[in-house]
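First comes the structure, then the notes that go with it.
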Amino acid sequence: MARQRIMQRFARWHIWIGWLVGLPILMWTVTGLVMVARPIEEVRGDHLRAAPASIDPAKVAFPTGLNEPIREARLVQQADGAVWLIVAADGRRWRYSPTTGQALPPVLEGEARRIADSAYAGEAKLDTITYFNPEETPREAGTNSSVWQAVFSDGTRLYVDDISGEVLTLRTGQWRLYDLMWGLHIMDPVEREDSHNPVVVTFAVLGIAGSLLGCVLLFRRRKARVKA
C-alpha cells in the first residue's frame with residue numbers, strides 16, 4: 001500500500017509538472033526544428049559572400065606613425081584596393097594605406113556602397129545604404145560602433161564598419177528567423193544572448209524532474225482489466 005501511495009503521489013506531481021513545462025517543451029522542440037531545418041552555412045549566407053581578391057605584395061609599406069602597442073595588423077583587400085587593418089591593444093581599429101603607410105579617413109557613403117557591392121556575391125541589387133551612429137546600430141550588426149547598413153533587394157543586410165571599412169556581418173532573412181528562434185529557445189527573446197537566465201534553467205530542471213517521474217511511473221503496477 002505504501003508503494004502504491006508513493007506512485008499515486010508521483011503521478012500527481014508528474015501531471016502538475018507536465019502542465020507547467022508542456023508549452024516550453026513544445027517551444028523548444030519547434031524552435032530547435034526550425035534552427036536545424038537548413039544548413040547553418042546557408043542560414044549565415046556564406047554562399048553570398050564574395051571571395052577576397054589577391055594582393056600584390058610588391059609595393060606594400062608597413063603603416064607609419066604608430067606610437068602605441070598594437071594587437072594585430074592585417075593586410076586585406078577592399079573595394080578601392082588593399083589596406084592595412086590595425087587593431088590597437090585596447091581594441092580600437094584603424095586602416096592605413098599600404099603604399100604610403102598613412103592613416104586613411106573614415107568610410108563615406110560612396111565607398112560603403114562599393115565595399116558592399118564587392119563583398120556581396122548574390123544576384124540581388126543594392127537598394128539602400130544607411131548610416132547608423134553607435135547608439136542606433138542594429139543589434140544584428142554585432143557591434144556597438146557606427147556602421148553602414150547595405151540592404152539588398154533579396155532582404156540581405158550587410159554591415160560595414162565606418163572606420164576600418166570591414167564587412168562585419170552579412171544577415172539573410174533566414175538568419176533573422178534563426179535568430180528569433182534562438183531567442184525563444186533560450187527564453188531571451190529581446191537580447192537573445194543570455195542562455196543562462198533563471199527562466200530557462202528553472203523550466204529545464206522541471207522538465208528533467210517530470211521526465212524522471214515519468215520513467216519511475218513506467219514501473220507502476222496496474223490492475224488487470226476485467227474481461228467481459
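A few remarks follow.
- When the convex hull of its Cα atoms is viewed from all sides, the chain shows a mean projected area of 20.8 nm².
- Among 77, 149, 174: highest mean-square fluctuation, GNM of the chain, C-alpha pairs under 10 Å: 77
- Region 106-228: projected area of the alpha-carbon convex hull, averaged over directions, in nm²: 13.7
- Computed over the chain with a Gaussian network model linking Cα atoms closer than 10 Å, the most mobile of 15, 186, 129 is 15.
- Distance between the 7 Å Cα→Cβ label points at residue 49 and residue 153: 2.6 nm.
- Cα shape, region 46-171, gyration tensor, a/c 1.5 rule: oblate
- Inter-centroid distance (Cα atoms) of region 114-149 relative to region 1-33, Å: 47
- Taken about its Cα centre, region 122-192 carries a charge dipole of about 200 debye when Lys and Arg each add +1 at the Cβ and Asp and Glu each add -1 at the Cβ.
- FRET E, pair residue 74, residue 23, Förster distance 45 Å, beta-carbon r, rounded to 0.05: 0.40
- Crossing angle, helix 2-36 versus the chain [Cα axis fit, 0-90 degrees, rounded to tens]: 30
- Under Karplus coefficients 6.51, -1.76 and 1.60, residue-wise ³J(HN,Hα) of region 68-84 in Hz, glycine/proline x: 8, x, 10, 9, 7, 9, 10, 9, 10, 9, 10, 4, 9, x, 6, 9, 8
- When shorter helices are ignored and each DSSP H run of at least 4 residues is given -39500 (n - 2.57), the per-residue value for the chain at 222 nm works out to -12500 deg cm²/dmol.
- Simple spin-label estimate for residue 62 and residue 38 gives 4.5 nm between the two label positions (7 Å along the Cα-to-Cβ direction from each Cα).
- Residue-span extension gain [residue 215 to residue 125] - 0.36 nm each, minus C-alpha spacing: 26.8 nm
- For the chain: relative contact order, % (alpha-carbon pairs under 8 angstrom, 6 or more apart): 21
- Helix axis angle, 173-185 relative to the chain longest principal axis, alpha carbon, degrees: 40
Read the figures in this text as sums done on the coordinates, not as results from a lab. Values in this document were obtained by computation on a predicted structure and should not be read as measured data. Here the Cβ is made from the backbone with ideal geometry for all residues, glycine too, and neighbour counts use every protein chain on show.
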